[in-house]
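J.: Structure in structure tokens, see below.
The values are calculated or read from the model by the stated rules, or taken from the named source; none is laboratory data. The structure displayed is predicted, hence computed values, not measured ones. When we count neighbours, we look across all protein chains shown, and the Cβ atoms used for this are built from the backbone with ideal geometry, even at glycine. These accessible areas exclude ligands, DNA and RNA; they are computed on the full protein's heavy atoms, side chains included. Shrake-Rupley method; radii C 1.70, N 1.55, O 1.52, S 1.80 Å.
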Amino acid sequence: MLPELAWQGGLDRLWPAYLRAREGITDARRTECQKADGQFGVKLYRANFLPRLARPAERHARCPVQLLVPTQDHYVGPQVFEQLEQWVQSLTRRELAAPHWAPMTDAGAIAAAVREFVRAQAVPGATAGKPATAPGPVADPVRDQRVP
């Protein structure tokens, strides 16, 4: 109940300043939904993440997986990403010099990593980490347009 009480007690008003100071998110600002979003986020975290740590189940991914690891994450330590190879048939690990909120601070780096990974999976013989050359136009998953 402590996280919910923190959001009810005013954390929603302090959150943008915290994100600017600690995470480098320069355009962080409070929204009308900030309090409700924070409380809901805590519930999602509690419902999804914590039970999986306490009672992990064997769930294997059969498709290629790319793991983007933000190396400047203040909340999720590198130990969370260890031994993941046992759960997937094909794992590509890529480190990003980014904080926990990388989608907000480093969206371009994430988009480039996803684009490269998807292209590598779509072109026979290509591997992640090497730019793939497609025989024809390939749909760009980030911009949703055709690129050569």
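J.: Go through 6, 28 for me and flag whichever is modelled with pLDDT of 85 or more, at negative phi and assigned to a helix (DSSP H, G or I).
T.: Among 6, 28, only 6 is modelled with pLDDT of 85 or more, at negative phi and assigned to a helix (DSSP H, G or I).
J.: Then there's this: Among the residues of the range 7-29, how many are open to solvent by less than 90 Å² (accessible area, probe 1.4 Å), closer than 13 Å to residue 104 by Cβ and charged (D, E, K, R)?
T.: Qualifying residue count for the region: 1.
J.: Residue 97: in contact with a Pro (Cβ under 6 Å, 6 or more places away or on another chain) and among the small types (Gly, Ala, Ser), yes or no?
T.: Spelling it out, it is not the case that residue 97 is in contact with a Pro (Cβ under 6 Å, 6 or more places away or on another chain) and among the small types (Gly, Ala, Ser).
J.: Still on this structure: Do we have residue 38 as part of a helix (DSSP H, G or I), open to solvent by less than 90 Å² (accessible area, probe 1.4 Å) and touching a Leu at 6+ places or on another chain (Cβ under 7 Å) here?
T.: Considered against the rule, which asks whether it is part of a helix (DSSP H, G or I), open to solvent by less than 90 Å² (accessible area, probe 1.4 Å) and touching a Leu at 6+ places or on another chain (Cβ under 7 Å), residue 38 comes out as yes.
J.: Tally time: how many residues in the range 2-26 are touching a residue at least 60 places away in the same chain (Cβ under 8 Å) and among the acidic types (Asp, Glu)?
T.: 1
J.: If only one of 32, 58, 85, 4 is of a type in the set (D, E, K, R) and open to solvent by less than 40 Å² (accessible area, probe 1.4 Å), which one is it?
T.: 4
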